[in-house]
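Note sheet for the following structure.
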Amino acid sequence: MPTQELGGKQVEVDEDGFIQTPEEWTEAVAADLAKTEGVAEMGEDHWKLVNYIRDYYQKFGIAPMVRKLCKETGFKLKYIYELFPSGPAKGACKVAGLPKPTGCV
Amino acid sequence: MKPRQEWKASDFGMPSEQMTELDPSRFLKLPPPYEDWDDGEMQSLSEDQKGRIEHSLDGVTAIGIPKPASPEEAEKRVADFLEGLRKLLTKEDNWTFLQPLLLSMENCVKCQTCNDACPVYTSSGNEEIYRPTFRGEVLRRIINKYLKPGGKVMAAFRGNDIELNWGTLARLAELSYRCTLCRRCAQVCPIGVDNGLITREIRKLFSQQLGINVDELHGSGTVKQLQVGSSTGMNPTALMDIIEFAEEDILERTGLNIKIPIDKEGADYLVMHNAGEFLSWPENLQAFAIIFEIAGVSWTLSSEQVGYDSVNYGLFYDDFMLARIALRQARIAKGLKVKSVLQGECGHAHKAFMPIADRVFPAELNVPRESCFPLLEDLVCNEKIMVDPSRNDFPVTLHDPCNITRSMGIVEPQRRILRKICPQFREMTPHGVNNYCCGGGSGFAIMQGSNFPDWRNKISGRRKFKQILDVFQDSIGPETRKYVCAPCSNCKGQFRDLLGHFDAWERCRILYGGLVELIVNAMVDVKEPFIEWDFH
């Protein structure tokens, strides 16, 4: 499994750069992951989205459905794509330290 | 590198860094507004990945097979493969599919009639190694040379030689994931040879004997589904949260206060949806709930692990996993004492739980199972729900999921619905049992690793994208909203990627979605439009 320098430490990632152990996640790791997803700097709305995804994941063991994500954050999907160009699943969830989405989603 | 048209099965065992380099300038041409579309280069693996991962077929990796650590390990894997091949060819170890496999292996006369029917072969610009007969021929030569008495002497003499080594196997394993198992080849074959089935059996051999399979289908797929309840990771607690949200959302969108029934014993139907409908396309799940509520259908969902996710990726690569999942689902249906299990809009789940599960169910688990389409046809066409077609007055076409239409023959119910509720419904050419795959079949739509999505969007989905553009040519501009009705979760996932890859929402305003969403959009009991013209 490849590793990558994120937040000042070596972190195990999969072939697509998703971190393998959620416990390794810190805000500094997130900021570096964001750079790999075309986000130069994490702004307030980036954090709002990422924190919601993380909280939901810790509670339910899964990423929130996109529709719920939009409703709860008040962000339109189009705006989420502006925040994270690779989208909620590949972009925002990766920055939030979730594993790569699996199954028919 | 040899010119691509000169590749032969015998070259498959020759050492080479990469057999073929895909050339986008040869790919199938697209109609307006994509006549000048630039496909760019094929996405290649990084140098680091090339050092670790097998890519000697075409530079693409679906599986991500690690290179063997030593020559001894490589040799052992070759021996394992031959052991698995022997099993594949014996009744005791392959009672599920031995007969159709042998009929196809022994009777193909290589007339190549199937070539032009294959969307992957033709979209790639007739890439030799993607010929539908190519993998079968590699396997046949291995069997003839390495398993039959005197085979090694005869191989060179007959002119059908092949070298079996680790490279041969790594390429063959990857090649079994360059076919979407759409089975158009089998359909046009004059004697019914099924190269799709051969491909699936090659995947099975690799999975069951060598543990070589695609993580999205196996570790994060069937294994996770059996452990957690769904390959998406959706456990029963998450399911209940999602259902609660879906109910509130229905109320907000339509004013209808609907309770989604859970674990209702003795209901007429246990409805099984693909988990994607809960997580990515909840409008589909909601539309089913609205239609059944208004029509007074007795139904329920299950909240038991595996019972709420209809998927069964075992269909694509492994009989053990296929059987384990199908048996769990059947037991849940038995436990709920429902009259029948109704499959929602998911193609492979239709096939896995109906005709294929027939091969593995013992008599006591042989629960009645049916497709949602005839029931929906009855509700719409016999006016158990009232519709106003003028609400769907935009161009609509129907994508036929291969498993539902070609493989199972469910062709007309969905069309009779669309003819009734969509004034601008039009058919693609060809359609029905002759349809083209969306390009995401056999698990491809969920395989998101490495450079595989690039290959899928550029090659396996290309023929379907061309069909969609062709059918909407009269109104191709972004000023007209258009709808591709794709009543299959896997196909929807592929359309999301494919239309996104070609930026077809921005350029042409082409949206995709299911069938029930169109029905609810036209229902007179639902006051507001149900379809949100928002690409997601």
Averaged over all viewing directions, the convex hull of the alpha carbons in region B:222-522 casts a projected area in nm² of 14.8 nm²
To the nearest 10 degrees, the tilt of helix B:71-88 (Cα long axis) against the first principal axis of the alpha carbons of chain B is 60 degrees
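Rounded, prolate or oblate, given the Cα gyration tensor of chain B, with a/c below 1.5 counting as rounded?
On the way: a/c = 2.00, a/b = 1.48, b/c = 1.36.
It is prolate, given that a/c is not under 1.5 and a/b is the larger ratio.
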CD proxy, 222 nm, chain B: helix-only mean residue ellipticity via -39,500 (n - 2.57) per DSSP H run with n ≥ 4, per residue, nearest 500, stands at -11500 deg cm²/dmol
Taking the alpha-carbon centre of each part, the distance from region B:361-416 to region B:284-342 in Å is 16 Å
Note to self: C-alpha centroids of region B:225-256 and region B:28-57 sit apart, in Å, by 37 Å
For residue B:511, the residues 5 or more places away or on another chain with a placed amide H closer than 5 Å to its own amide H are B:482, B:483, B:484
For residue A:3 and residue B:160, extending 7 Å from Cα along the Cα-Cβ vector and measuring point to point gives, in nm, a value of 5.2 nm
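Short version: what are the Cα gyration tensor semi-axes of region A:3-95, square root of 5 times each eigenvalue, largest first, in whole Å? Walk me through the intermediate numbers first.
Details: eigenvalues 89, 43, 25 Å².
They are 21, 15, 11 Å, listed from largest to smallest.
Work out the mean other chain Cβ neighbour count within 10 Å for the residues of B:231-243 and drop it here as an integer. Numbers along the way, then the final one.
Numbers: counts 4, 7, 11, 7, 3, 0, 4, 9, 2, 1, 7, 6, 0.
If you average over the peptide's residues, the count of other-chain Cβ atoms is 5.
When a footprinting reagent is the concern and you count Cβ atoms within 10 Å, what order do B:95, A:25 take, fewest first? List each step's numbers first, then the result.
Details: B:95 12, A:25 20.
Arranged by neighbour count, lowest to highest, B:95, A:25 become B:95, A:25.
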Row for region B:14-166, column shape: gyration tensor on C-alpha, a ≥ b ≥ c, rounded if a/c < 1.5 i.e. under 1.5, prolate if a/b over b/c, else oblate; value oblate
Per GNM of chain A with C-alpha springs under 10 angstrom, the most fluctuating residue out of A:55, A:16, A:32 is A:16
Trypsin sites (Lys or Arg not before Pro) in region A:35-105 lying in a DSSP loop, each with at most 12 other Cβ atoms within 10 Å of its Cβ, come to A:76
Per the C-alpha gyration tensor (a ≥ b ≥ c, the square roots of its eigenvalues), region B:194-351 is rounded if a/c is under 1.5, else prolate if a/b beats b/c, else oblate; here it's prolate
Taking Cα atoms, the helix B:462-471 axis meets the longest principal axis of chain B at an angle in degrees (rounded to 10) of 40 degrees
Charge dipole of chain A built from unit charges on the beta carbon (Lys, Arg +1; Asp, Glu -1), centred at mean Cα; most positive-end Cα among A:39, A:70, A:83 is A:70
Mean per-residue count of partner chain Cβ within 10 Å for A:62-72 equals 6
A student asked for the Cα radius of gyration and Dmax of the protein assembly as shown in angstrom ought to give 24.3, 77
Taking chain A and counting helices only, DSSP H stretches of n ≥ 4 at -39,500 (n - 2.57) each over all residues, the nearest-500 ellipticity at 222 nm comes to -12000 deg cm²/dmol
Taking Cα atoms only, helix B:319-336 is inclined relative to the longest principal axis of chain B by an angle, in degrees rounded to 10, of 20 degrees
Per DSSP, the loop-located chymotrypsin sites (Phe, Trp or Tyr not before Pro) within region B:486-536 having at most 14 other beta carbons within 10 Å are B:533
Projected onto their principal axes, the Cα atoms of region B:124-250 stretch, largest extent first, over whole-Å spans of 72, 32, 26
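Any read-out appearing in this document is the output of simple, stated calculations on the displayed coordinates, not a laboratory observation. The model shown is predicted, which means the values in this text are computed figures rather than measured ones. Cβ: placed from backbone, ideal geometry, glycine included. Neighbour counts: every protein chain shown.
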